Amino acid sequence: IGLSTWSTDYMIDLIDEGAPIVTNQVAFSVIDTRPLVKMIPACIERNNSVQLICHGVLLGGFLSNYWLGKSEPSLTKINNISLSMYLQYIIKKWGSWELFQDMLKVLNEIAIKYQVSISNVAIKR
């Protein structure tokens with residue numbers, strides 16, 4: 001059975017009840033590292049019987065060269081629900097747009113060194 005965005009506690013409950021859980025799709029990125037706290041340790045404790053499938057690794061495209069050096073977009077002008085969600089609930093809760101830009105600059109330095117894009121660096125976390 002594959003799960004999508006189930007919490008660690010619910011996933012463990014299902015496994016303990018004998019459900020053959022093999023995957024769980026979770027949000028994970030260089031900013032959104034929540035799975036490191038409980039989900040990954042729980043999977044390791046179960047001999048990696050549950051594999052994680054990560055989504056949101058590029059925050060809807062925010063982790064890209066396109067946004068490097070750009071001003072913070074207005075939520076009212078973003079016409080993409082994913083982008084507005086990532087901006088409001090991930091980037092802003094993690095820090096500020098300025099801090100996000102600082103991180104993009106660091107990712108860009110690494111990208112230049114290895115002749116790849118910011119997105120490539122963000123995925124290789």
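Multiply the residue gap between Trp94 and Glu45 by 0.36 nm, knock off their C-alpha separation, and tell me the result in nm, one decimal place.
14.8 nm
When the helices in the chain are scored as -39500 (n - 2.57) per DSSP H run of 4 or longer and the sum is shared across all residues, what 222 nm value do you end up with, to the nearest 500 deg cm²/dmol?
My calculation for the chain gives -10000 deg cm²/dmol from helical runs alone.
Among Thr33, Thr23, Thr76, whose mean-square fluctuation peaks in a Gaussian network model of the chain (Cα, cutoff 10 Å)?
Fluctuation is largest for Thr76.
At a Förster radius of 22 Å, what calculated FRET efficiency corresponds to the Cβ-Cβ distance of Tyr10 and Thr33, to the nearest 0.05?
According to the calculation, E is roughly 0.65.
Counting other Cβ atoms within 10 Å, which trypsin sites (Lys or Arg not before Pro) in the range 73-112 have at most 15 and lie in a DSSP loop?
Lys77
The numbers here are math on the coordinates, done by the rules we state, and not lab data. Fair warning: this is a prediction, and the values are worked out from it, not measured in the lab. Using ideal geometry, Cβ is built from the backbone for each residue, glycine included, and neighbour counts are taken over all protein chains shown.
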